[in-house]
Structure formats: C-alpha cells, structure tokens
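The values are calculated or read from the model by the stated rules, or taken from the named source; none is laboratory data. Because the structure is a prediction, the values reported are computed rather than measured. In this analysis, Cβ positions are derived from the backbone assuming ideal geometry, glycine residues included, and neighbour counts consider all displayed protein chains. Surface accessibility is based on the protein's heavy atoms, side chains included, excluding ligands, DNA and RNA. Shrake-Rupley method; radii C 1.70, N 1.55, O 1.52, S 1.80 Å.
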Amino acid sequence: MGSLKNKHLIGLEHTPAKDIQKLIDTGFTFREVLDRPIKKVPSLTGKNIVNLFFENSTRTRISFELAEKRLSADVTNFSASASSVSKGEGLKDTVQNIHAMKMDCAVMRHPVPGSCLQLSKFVDAVVINAGDGTHEHPTQALLDMMSIKEKFGKLKGLNIAIVGDILHSRVALSNIYGLQKMGAKVTLCGPPHLIPRGIQKLGVSVNSDIDEVIEWADALNVLRIQRERMGVGIIPSVREYRDFFGITQERLDAHKKEIVIMHPGPMNRGVEIDSSVADGDQAIILDQVLNGVAIRMSILYLLLGPDEGEVG
Amino acid sequence: MGKTDNLIILENGTIYDPYKNKKKAGSILIVDGIVKEVGKVTGSDNTRKIDCTGKLIVPGLIDIHAHFREPGREDKETLATGARAAFSGGFTRVCVMPNTNPPLDSPEAIRFIIEKSSGLPVQILPIGSITIGQKGQELSEVGKMVKAGAVAISDDGLPVQNGQVLRNALEYAQKYGIPVINHAEDIHLRNDGVMNESSLSTRLGLPGNPDISESVMVHRDLEIADYTGGKIHIPHVSTKRSVDLIRKYKKMGVNVTAEVTPHHIGLTEDKLTEYDTHTKVAPPLRSELDRKALIKGLIEGSINCIATDHAPHTIEEKEMDFIHSPCGMIGLESAFGLSHTVLTKAGASTEKVVQWFTKGPADIMGWNIIPFQIGEPAEIAIIDSKIRWTFKKSHIQSKSKNSPMIGMKFTGKVDGTISGKNTCGNLLD
C-alpha cells in the first residue's frame, strides 16, 4: 500500500499528475491481463471490498465488481434505497457498518457531493469515489484519459472538448482536473445556462458553438443529456438540442475531419449522439468500457495491493 | 450563573453609555439587583467588590434575531437554555423568531413566550409572524400580537413571496410602530442552492445560491417600503449587492434598517471546502468581496446593527450530509468575540462595536433605553477589549453545539453579565 500520494481516491482535484500517470500506466498493464485466456490475478487475495451504491448505476458497479473479482478480492455489494438518502440518513450508519465489517476498501456511489470525503474521514478503509453527486467521478475520468492515450499515444497537447450538460455532470469536473494536469487543453460546450458559474477559473475555455468546437478538438467527450431535464424549461426540446449541440452523423460528415468520439454512457441514442456515430469508426466508446475494468484494477491494485513486485 | 450577593460594586471601570456615546471612569453599586449608585460609590465591608480596572462597563447587549425553538423543538433549544446561552454572551434582551411549532402567529402564542420566559435572566421579546402559519397569505392578528408583547413581525426564514401581502403588512404595521422583517430571498433564484454560487461551488459540485437571490428581493422590498412609507428591516444581509441597494435607498430617505450576522462578517465560503455541515447557513457564507462590503456597510452606517441568527440544531441533524443537513449555526456565545475581533481589525473602536450590539438594535425596534438608571434593575455587560482567547466547545451554553467558530481565536470578550439579581461570567462566578 502507499504507492500513491493519497490513501483514498476521492477526486482528481487533489491527485498529483505523477499519480495519474502511474494509474494510467498500470491500467495498460492490467489491460494486457484482460487479454489473457485466464483473466484473473491473485493480487488482492484476502482483501475485503464493499461496493456501496446509494444511487442506481449499472456500468460503474459492474465494472468495479469485475475489476475486484479479477484481482481475487472478496466482494460485498450493498445497495441502499434512494429513500434513506433522501431522508439524509445513511452516511453515519454506513460509516459504522464499514467499521463493524472490517472492510479494507469501500467503493461508494452517492448522490451527495462531498459524501466520499466525509466517509474517508471516519473510516480506516480505503475509500474510492464511484461518483459523488455533481462533484467528481474520478475513475470515469481516468478511464477516459486511458482511452485517449490508447488512441493518440499521448495526452499532452491534445484538444479535448466536453459536450453537454456540464452543470449536472460529475464526469466533466474530474475530466477537467485530470486532462489539464496531463497537459491537454479542455473546452466545454453546452447550453450556456448549463455551464456552471466560474468554471473558467479552472483554466478551461467555454464555447457554445459546437461546430467551432468540432473544428478545434481532437476528441469529443459527449455527455448524456438527462431526459428529465427536457421540456421542463431547462432544455426546450430534443429537436432543438440536436440542432445546436447534437453529435449527428450529418454534422460530423460536414466537418470532414478525423475526430475521436467518446461517451461515458449510458447513451441516449438519437438525442445527444446518433446511433451511427456511436457505432461508427471514430467512436471508442466500447474501448472505454474495457479500459474501465483495467483502470479500476489499477486503482484497486495501487491503493490496496502489495508495495513492490510485478503484477501477477 | 448565580444570584449576586446582596451588595455588589463594579469598581474602577470605564462606564460607557453607547446610547449617548459617553464614557467616564467610575464604579457602579448594585443592591439586590437594583442600580443604586453610579460614578463614585459608597460600599461597606460586606460589599462584593469586582475589580473592573481596564474594563468597559456597558449596558446589556441586545440580539434582535435568535431561534429558541420553543415550542416544538425543545430538543434543540428551550427558552431557558437559549437565555442561558445569550446571558453568557453578554446579552440581556433577545428577540426570538416565530418559526416555532406551532409558529408564533397569534396573541396566545406571544403570551406563551412571555409567560414561559418570565424569571429568566434574559428578557425575551417575541417576534410575531406576518402571516398565519408563516404561509405568506393571510395577515396574522398583528395588533393583538403587539398588545400581547410582540415587538416586530416576520415570517422568518420563509420570505413573503407575494408583493401585495408584504405591501399590506408594511402599511398595516405602521399603525403599531413596529418593523416588518422579511427574509430577503427569491426562492426561485435560490433554487436548490446550499452554498454561495461561485467558482468554489462549481469546484465542490454543490448547488449554488447566487447573491442575486438576496438582492433581487431586497430591491423589491425597498421599493415597496419606499412606496408605502413602511418600516422595513432586512435581516442577515449577506451580499455586496444588497449593501449597495440599502445604501442607495437610505440616501433616498426610505425607512429601512438592516442587520448583519457575526458569521457573515467573520467567515466566508472558503470555510466550506471540507463539506463541514456546521458551515451550512441561510443565507450562505459568501465571498471575501461580500464580507468586506458588509463590514464597510456597518462602518458607514448602511447596516445598523449586528444580530446573531442563533440557530440551534441537533447533532443528528448536523451529522447528515451537506445537502440534507439543515441550515443554521449557533452564535450567541461567540457573537461579541468574533465581531469585536473582525471589526476592530477593520478599524472600528470597541465602543462602536458595543453600539452595534445595543443602540443599533434598540433604534431598529424603536426602544428608548436609558442605561444604568438609578432605581432600575441592572442590565450590564463587562467587556475586556484586550484579552485574546480561543473559543471552545466549553464556552457553549446552548443546548446545541453546532458552531463552526469552535477553535477560532478572538480578541475581546464579555467577562461578565448582570441582569437584575442574576450574574454570570468569569468575573462574577
């Protein structure tokens, strides 16, 4: 343990660049493991990990579970009802349960920003943030960066655009921190009222013209638009959103340039992204999914594994 | 806290009257809780002598904005525990807000507070609600509440959204000479905000409450006050925008007064980086720019006084996460220390700080107070303006302990409080 500066992975805001580099490099090592006939290594034998999901999640939860099992950890899953969270209960009981169960690591998804930091202050276990409200989703950003690195061979000097509802996104913030630390440039593109106030202070550019952004970018990270925000006075309509921000086949064709398309999932095909784009040659969306397992193995290994030695 | 000995002399202090802004060296003799002599006093051998050398003897402090939670949430605070907290902070008069359960929206409820609090060391003065059930619709029996002892009206944390209702209240309340206190916040602009909206709220991923949610409502209220001539009081001003508006309307001659809390002049949003729920308050802690504007507003007179917005909450409630835990912090025990530290650093004198805790609130309420009157019950605070001290949990007398001030270093302290036969504080224990 202790191969990284921080004991926990709460967010990329406080993760140094060299640790991000190490996490990505180790991610590629595990990616090789995932290509072997036997995809399991004994690195975390005897470690107890609990996956605490206070919010619905399919991809992230399965990805973590797979990563944990492939490292031979003992895995417990815990899903709390949304009602316990809405009453504001949960966090303290969670803390006490983790103590009582003598867990080595807690992977937590929670709707409240800051909840993972709070948890980390009160437990001995290593805490990994699997998404805390509209704050950070560091493992997603790490897998995004790994996927970009896989495609381009580098991160430094690349132009990466994040497109969509930035205000309600946890993926955006973690990507902003991570990408900039690794030397990439970041532009945000979305409806102006869904760009959070003062975000330029984090060093990013903001441009609401998607066509200009496509011309500029090496890769687009397209965020999911929550259907519940449509037609309630926030986003006027699907057709209007598609007209001005949608990553449509027609729009990409018009630009006649090579551009990498990413999406953290789950996608609303036909809303923020066309099916043909998502399934097309420029998309690396399924690579992101595979890299997601590899990067989570890397995170778990570097936070919980032995100090020295080769990946088994 | 204990009963004073029969005879007590506050010896060799500096007696300061903030109402007349007059200061003189002297002593005060108190017999059975009644002021007997001021200036040069005669004592006997059995007189208890309190050495006040180097200290300021001032009238008891006044807080016009506190929450004592009784009736309804006696687990957080009661009139008795709230009074104990206030007394230890130098206060001898406290106005309590009507957001109890049931709310103070009737003369019966006002009488309950007055009867229940009689005999406490602090005089408790209830504020009645503007509307029935604080619902913002039908006016409460304002006249009957005033007759029963209400000193102002307010729907407390629930802003009167309907402009016509506020207009009615501002016009009607003029008959009774009391201020109308409206929590200035456009709830739609506040949205689901839990902290000041800024690059910091963006960084923390917390929903932001923009400064305009306050100033938009302040502006509306000032316009209605201007139009009606009513007496509007703006509680816990938190933004530069609001201070700018209040300054402008005061210059126009509008009958407006305003208060600021010790926490808004002492702390900023930067306290929130660890998601400590003790820093969650309404209105939220704002930026350094706002904090400086509030201090300037006090010093130039745009803001009239300091009020605590003492808001006790249980441990269980504050142990919840940042979104779900309730807004509010206690403040009576730390109010003078924090305010004095911040304001003297900004160039104000100790005497001026005392004024913001005495003359300022009294003028807002329209009270004519003549301090240290011979033959009247003593209402006195003794202040050490030089002492440096750390605010600790052990200083808290409130039933709740939700203070982000614990651990802060202050300069200046209330060393003792006297209210009639009751005394408390280092100097008097």
Let me spell it out: the conditions are (1) open to solvent by 10 Å² or more (accessible area, probe 1.4 Å); (2) hydroxyl-bearing (Ser, Thr, Tyr); (3) more than 14 Å from every other protein chain (Cβ to nearest Cβ), and A:Thr139 meets all of them except one. Which number is the exception?
(1)
Give the residues of the stretch B:130-156 that are open to solvent by less than 10 Å² (accessible area, probe 1.4 Å) and assigned to a helix (DSSP H, G or I), sorted by residue number.
B:Val142, B:Met145
Working only within the stretch B:368-384, note down all residues that are touching a residue at least 12 places away in the same chain (Cβ under 8 Å), within 19 Å of B:Asn21 (Cβ to Cβ) and open to solvent by 30 Å² or more (accessible area, probe 1.4 Å).
B:Ile370, B:Phe372, B:Gln373, B:Glu379
Taking the stretch A:109-129 only, how many residues are within 14 Å of another protein chain (Cβ to nearest Cβ), under 17 Å from the mean Cα position of the chain (by Cα) and open to solvent by less than 20 Å² (accessible area, probe 1.4 Å)?
9
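Which residue out of A:Thr60, A:Thr94 is crowded, with 19+ Cβ neighbours inside 10 Å, at pLDDT 90 or above and in a helix (DSSP H, G or I)?
Just one listed residue meets the conditions, A:Thr60.
Using the structure shown, decide if B:Leu267 is away from every other protein chain (no Cβ under 14 Å), in contact with a Pro (Cβ under 8 Å, 6 or more places away or on another chain), in contact (Cβ under 8 Å) with a residue 40 or more places away in the chain and open to solvent by less than 30 Å² (accessible area, probe 1.4 Å).
Yes: the conditions hold for B:Leu267.
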Within the stretch A:177-192, identify whether any single residue is under 21 Å from the mean Cα position of the chain (by Cα) and within 15 Å of A:Phe53 (Cα to Cα), and answer yes or no.
no
Could you grab me the full set of residues in the stretch B:377-388 that are assigned to a strand (DSSP E or B) and more than 28 Å from B:His313 (Cβ to Cβ)?
B:Pro377, B:Glu379, B:Ile380, B:Ile382, B:Ile383, B:Asp384, B:Ser385, B:Lys386, B:Ile387, B:Arg388
Across the stretch B:389-426, what is the number of residues that are in a loop (DSSP other than H, G, I, E, B) and either within 24 Å of B:Gly328 (Cβ to Cβ) or within 18 Å of the chain's Cα centre (by Cα) (or both)?
15
Within the stretch B:30-61, residues being part of a loop (DSSP other than H, G, I, E, B), open to solvent by 70 Å² or more (accessible area, probe 1.4 Å) and more than 14 Å from B:Ile15 (Cα to Cα) number 4
Cβ contacts < 6 Å: first residue modelled with pLDDT under 95 and open to solvent by 20 Å² or more (accessible area, probe 1.4 Å), restricted to the stretch B:333-349; second residue of a type in the set (Lys, Arg) and in a helix (DSSP H, G or I), any location; separation 6+ or different chain. Result?
none
When restricted to A:Leu252, A:Leu173, A:Leu223, A:Leu167, the only residue at pLDDT below 95, surrounded by 18 or more Cβ atoms within 10 Å (Cβ to Cβ) and touching a Gly at 6+ places or on another chain (Cβ under 9 Å) is A:Leu167
Members of the stretch B:60-89 found to be touching a helix residue (DSSP H, G or I) at 6+ places or on another chain (Cβ under 8 Å) and among the aliphatic types (A, V, I, L, M), listed by number:
B:Leu61, B:Ile62, B:Ile64, B:Ala66, B:Leu79
Scanning the stretch B:298-329 residue by residue, the ones that are part of a loop (DSSP other than H, G, I, E, B), away from chain A (no Cβ under 14 Å) and not hydrophobic (A, V, I, L, M, F, W, C) total 7
Count - residues of the stretch B:225-258 that are surrounded by 20 or more Cβ atoms within 10 Å (Cβ to Cβ), in contact (Cβ under 8 Å) with a residue 40 or more places away in the chain and in a helix (DSSP H, G or I)
6
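Is it true that some residue in the stretch B:298-316 is free of Cβ contacts under 8 Å to residues at least 60 places away in the same chain, surrounded by 21 or more Cβ atoms within 10 Å (Cβ to Cβ), farther than 21 Å from B:Ala86 by Cα and hydrophobic (A, V, I, L, M, F, W, C)?
Yes - at least one qualifying residue is present in the stretch B:298-316.
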So B:Glu274, is it within 14 Å of chain A (Cβ to nearest Cβ) and free of Cβ contacts under 8 Å to residues at least 12 places away in the same chain:
yes
Could you grab me the full set of residues in the stretch A:94-149 that are within 21 Å of A:Leu304 (Cβ to Cβ), touching a strand residue (DSSP E or B) at 6+ places or on another chain (Cβ under 7 Å) and among the acidic types (Asp, Glu)?
A:Asp104, A:Asp132, A:Glu136
Out of B:Glu300, B:Glu317, B:Glu259, I need the residue that is of a type outside the set (A, V, I, L, M, F, W, C) and touching a Cys at 6+ places or on another chain (Cβ under 6 Å). Which one?
B:Glu259
Lone unmet requirement of (1) at pLDDT below 95; (2) closer than 22 Å to A:Ile295 by Cβ; (3) within 14 Å of chain B (Cβ to nearest Cβ) for A:Arg197:
(2)
Failed criterion for A:Met146 (all others in (1) surrounded by 24 or more Cβ atoms within 10 Å (Cβ to Cβ); (2) facing chain B (nearest Cβ under 10 Å) hold):
(2)
